[in-house]
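Worksheet for the structure shown next.
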Amino acid sequence: MSLFEHGFIWLERENDIHFIYGVETAGNEYSKQTYNFFDWSDVSKDINPAKEWDFADFDAVAYFYIMSVEEFLKQPLTMIVADLIVYYGYENIFGPSYSSFEIKE
């Protein structure tokens, strides 16, 4: 459900987190839109989000989620990445998708 409806899942591994995210939806304005094409990115568990995504206005993002910057950055890395994708879009967080793939339910 999370993958097809929200376009986002992850798998925590020893040293990194493997994110799979939606890049294209199916459906139209009259039907429920679901993600049908995806891409992936690995993010080291050791990164500093404020340095990795230094373009981000963390004050604005934290305000959007009704928390302080300190509270926002204390979240698990998976939630920080998910929130940044909602706010900025996957291309700004992971880069453009050149090799998307289809996953069927």
Exercise for review: Tell me, please, whether a residue that is of a type in the set (A, V, I, L, M) and closer than 18 Å to residue 104 by Cα can be found in the stretch 48-58.
Suggested key: no
Study note, to complete from the structure: Within the stretch 51-70, the residues that are part of a helix (DSSP H, G or I), of a type in the set (D, E, K, R) and exposed (fewer than 15 other Cβ atoms within 10 Å of the Cβ) are 51, 59, 70
Practice item. May I ask you to list the residues in the stretch 50-86 that are over 20 Å from residue 6 (Cα atoms) and of a type in the set (S, T, N, Q)? Key: 68
Review point. Here are 12, 24: which of them is touching a residue at least 24 places away in the same chain (Cβ under 8 Å), closer than 19 Å to residue 99 by Cβ and among the acidic types (Asp, Glu)?
Key: 24
Point to revise | Members of the stretch 61-93 that are of a type in the set (Gly, Ala, Ser) and touching a Phe, Trp or Tyr at 6+ places or on another chain (Cβ under 8 Å) | key: 62, 82
**Study point:** Residue check, residue 11 surrounded by 11 or more Cβ atoms within 10 Å (Cβ to Cβ), of a type in the set (A, V, I, L, M), modelled with pLDDT of 95 or more and not in a strand (DSSP E or B)
**Key:** no
Exercise for review: Kindly provide the set of residues from the stretch 41-50 that are surrounded by fewer than 16 Cβ atoms within 10 Å (Cβ to Cβ) and touching a residue at least 12 places away in the same chain (Cβ under 8 Å), ordered by number.
Suggested key: 42, 44, 45, 46, 47, 50
Revision key, fill the gap. When every residue in the stretch 23-47 that is in contact with a Lys or Arg (Cβ under 9 Å, 6 or more places away or on another chain) and at pLDDT 95 or above is compared, the one nearest to residue 91 (Cα to Cα) is 42
Check your understanding: So which residues in the stretch 91-105 are surrounded by 11 or more Cβ atoms within 10 Å (Cβ to Cβ) and outside any loop (DSSP other than H, G, I, E, B)?
Key -> 91, 92, 93, 94, 101
Check your understanding: Got a number for residues in the stretch 71-90 being closer than 14 Å to residue 48 by Cβ and either assigned to a helix (DSSP H, G or I) or of a type in the set (A, V, I, L, M) (or both)?
Key -> 7
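The values are calculated or read from the model by the stated rules, or taken from the named source; none is laboratory data. This structure is a prediction, so every number in the text was calculated from the model and none was measured. All Cβ positions, even for glycine, are placed from backbone atoms using ideal geometry, and neighbour counts span all protein chains on display.
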